[in-house]
1. Reachable lysines from Lys156, Cα under 17 Å, same-chain residues fewer than 8 places away excluded?
2. Might you tell me the accessible area per residue for the chain, computed with a 1.4 Å probe and given in Å²?
3. If amide H atoms are built 1.01 Å from N in the plane of the peptide, which residues on other chains or at least 5 residues away come under 5 Å of the amide H of Gln78?
4. Name the residues whose placed amide hydrogens come within less than 5 Å of the amide hydrogen of Asp110, ignoring near sequence neighbours (fewer than 5 apart) on the same chain.
5. Grab the DSSP H runs of the chain that are 4 residues or longer, score each as -39,500 (n - 2.57), total them, divide by all residues and round the 222 nm result to the nearest 500 deg cm²/dmol.
6. If I take all pairs of Cα atoms in segment 1-129, what percentage of them are more than 24 Å from each other?
7. Please report the spacing between the Cα centers of segment 152-221 and segment 117-142 in Å, no decimals.
8. Let me test this: with uniform point scatterers at the alpha carbons of segment 129-223, what is the Debye-based log₁₀ I(q)/I(0) at q = 0.12, 0.21, 0.24 1/Å?
Amino acid sequence: MKAVIQCGGMGTRLRPFTSVLPKPLMPIGARPVLELLLKWLRRNGIEEVYITTGYLGHLIRSVCGDGSQWNLKIRYTQEMEPLGTIGPLSLIRDELTEPFIVLNGDVLTDLSLSRFTAAHRKHKDPVTIATANRLIKMDFGVIDEVDDAVQVFREKPTLSHLVSMGIYCMNPDVLKFIPSGIPFGFDDLMLQMMQQGTVVHVYKHEGLWLDIGRVDDFQNAQAISWEEQSASIEVAAAAA
């Protein structure tokens, strides 16, 4: 199975650091996020990777090269203008002839791709979204009302939401929804698919997931020994 890593964004949530480094090259300990991500893909059996680049893409190419140092085959695309979070797939639509993985270049996780893709193959629909539960602390008093009368008032509650991890398993037929040459986000894709009655599935992951584009997650990632984490994931996978 091929994987597509989306690395074209400008990393605005991590400025000023991303003024000189693209977000996928931000360091986690001694390693860039993208290296940890590529090693995770390889441990999960992925051998062929496309990296979509835009902002500071030449630095990503310099660090990752052809991928041979990780026993991977890496190819690149270059966005002349930003194409959004899912639009870059239009640049390689002829290469994606089998089910494939799409993921953001700023995620770290212990998700089992074999279990994720097996869940996707159980149905015939184009997209499965890897999801996780996140607790979100509200900074406001939250009001439930009926006919302008307060029914419930909660002061700065913590709410639980099922959120996208930025990892997707897709079938090639999803590409018919994605236009060429214009910005197109994953939200645009979801809107089009749901308007046409296409079912989108979720896979619920209960393990580790960090979105490095968020400052809190970036800081939390620094406290994890990723070499030890990798070893424990491999042992668990072998036992399964």
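The values are calculated or read from the model by the stated rules, or taken from the named source; none is laboratory data. A quick note: this is a predicted structure, and the numbers were derived from the prediction, not measured. Neighbour counts run over all protein chains shown; Cβ positions are idealised from the backbone, glycine included. Quick note on the areas: whole protein, heavy atoms, side chains included, nothing else; ligands and nucleic acids left out. Shrake-Rupley method; radii C 1.70, N 1.55, O 1.52, S 1.80 Å.
1. In chain and number order, the partners are Lys137.
2. Working: 12500 Å² over 240 residues.
Solvent-accessible surface per residue comes out at 52 Å².
3. HN-HN under 5 Å from Gln78: Thr53.
4. Residues meeting the amide H criterion: Leu208.
5. Per the formula, -7000 deg cm²/dmol.
6. Details: 2129 of 8256 pairs.
Taking all Cα-Cα pairs of segment 1-129, the fraction more than 24 Å apart is 26 percent.
7. That distance is 7 Å.
8. Here the Debye-derived log intensity ratios amount to -0.64, -1.10, -1.20.
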